[in-house]
Amino acid sequence: MPTFREIHARNVLTYEENASAWDFQRKGKFIEKSWIERLAECLPDGATVLDVGCGAGIPIAQYFIQQRFSYTGVDASRAMLQIARERFPDECWILMDMRELQLARSFDGIIAWDSFFHLSPDEQRTTLERFCRHLKAGGALLMTIGDRAGEVLGTVNGAEVYHSSLEPAEYQRLLAGFGFSRVVIVPRDQTCGGRTVLLAAEFHRSI
């Protein structure tokens, strides 16, 4: 039986192998819409948005494009990005692992919905700092996390994938230290399928 470490190492490949099936399941649902709107309310008109783990572009990229935000999508899966580029050829799509995020620009808002929690706890700590280095002053960050510290397994089209989380209080401490003055965590929000959601805003660069 594969270990957590082995499944974690295969996460990107699992999405690569199941891109079309995942996209088929994903594009018919927009259960995160209320949270996307809350992020949008924190941002100025025409804001720049970085979607980390953007997948195939529906529904999140589609929302920001329709609302006339300046959108950039980053994903580690080439197959996912190929679908996204075919749908929205005028947008900026970047093949990159979020653990190595390094772009020559910053953004008003960053979203990592159903993606950040695929990292190990130590990877999350360092990647959070990378997110903050790509955020403009006054910016906002939206992510899904776990409601408690630990490692669990999920599935993508029947294939196992790795998830982990820090304690919610640690996210609050880290983000406060990076420069956020407001961090809201809603555990097991039933309006979006029981996900635990983190929205951090009013960013003041401190790193």
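Observations on the structure shown:
- Selection within the stretch 65-92 - open to solvent by less than 20 Å² (accessible area, probe 1.4 Å), over 14 Å from the mean Cα position of the chain (by Cα) and closer than 25 Å to Lys136 by Cβ: Leu81, Ala84
- Those strands (runs of 3 or more DSSP E) of the stretch 145-190 in which at least 3 residues are within 18 Å of Phe203 (Cα to Cα), considering only elements entirely within it, cover 180-189.
- Filter result (β-branched (Val, Ile, Thr) and touching a helix residue (DSSP H, G or I) at 6+ places or on another chain (Cβ under 8 Å)) within the stretch 127-181: Thr127, Thr144, Ile145, Val156, Val161
- Applying the criterion of being under 12 Å from Asp75 (Cβ atoms) and not small (Gly, Ala, Ser) to the residues of the stretch 93-112, the residue that is nearest to the chain's Cα centre (by Cα) is Met98.
- For Gly150, the conditions (1) among the small types (Gly, Ala, Ser); (2) surrounded by 13 or more Cβ atoms within 10 Å (Cβ to Cβ); (3) within 12 Å of Phe117 (Cβ to Cβ) all hold with the exception of (2).
Listed here are the residues, each with its yes/no results for (1) farther than 18 Å from Phe117 by Cβ; (2) at pLDDT 95 or above; (3) assigned to a helix (DSSP H, G or I); (4) open to solvent by less than 10 Å² (accessible area, probe 1.4 Å).
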position: His8; (1), (2), (3), (4): no, yes, yes, no
position: Val12; (1), (2), (3), (4): no, yes, yes, no
position: Ser20; (1), (2), (3), (4): yes, no, yes, no
position: Ile36; (1), (2), (3), (4): no, yes, yes, yes
position: Ala40; (1), (2), (3), (4): yes, yes, yes, no
position: Asp45; (1), (2), (3), (4): yes, no, no, no
position: Asp51; (1), (2), (3), (4): no, yes, no, yes
position: Tyr63; (1), (2), (3), (4): yes, yes, yes, no
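- Condition check for Gly109: crowded, with 24+ Cβ neighbours inside 10 Å and more than 26 Å from Arg182 (Cβ to Cβ): no
- Across the stretch 169-185, the number of residues qualifying as surrounded by fewer than 19 Cβ atoms within 10 Å (Cβ to Cβ) and closer than 30 Å to Arg10 by Cβ comes to 3.
- Residues that are farther than 21 Å from Val49 by Cα and out of contact with any Gly (no Cβ under 9 Å at 6 or more places or on another chain) occur at least once in the stretch 124-145.
- Every condition in (1) assigned to a strand (DSSP E or B); (2) under 23 Å from Ala201 (Cα atoms) is met by Arg105 except one, and the failing one is (1).
- Pairs where the first residue, in the stretch 120-132, is in a helix (DSSP H, G or I) and the second is among the hydroxyl-bearing types (Ser, Thr, Tyr) and surrounded by fewer than 16 Cβ atoms within 10 Å (Cβ to Cβ), C-beta under 8 Å, 6+ apart: none
The values are calculated or read from the model by the stated rules, or taken from the named source; none is laboratory data. These numbers were taken from a predicted model, which means no experiment stands behind them. Methodologically, a virtual Cβ is constructed for each residue, glycine included, from the backbone with ideal geometry; neighbour enumeration extends over all protein chains shown. Accessible surface areas use protein heavy atoms only, side chains included; no ligands, DNA or RNA. Shrake-Rupley method; radii C 1.70, N 1.55, O 1.52, S 1.80 Å.
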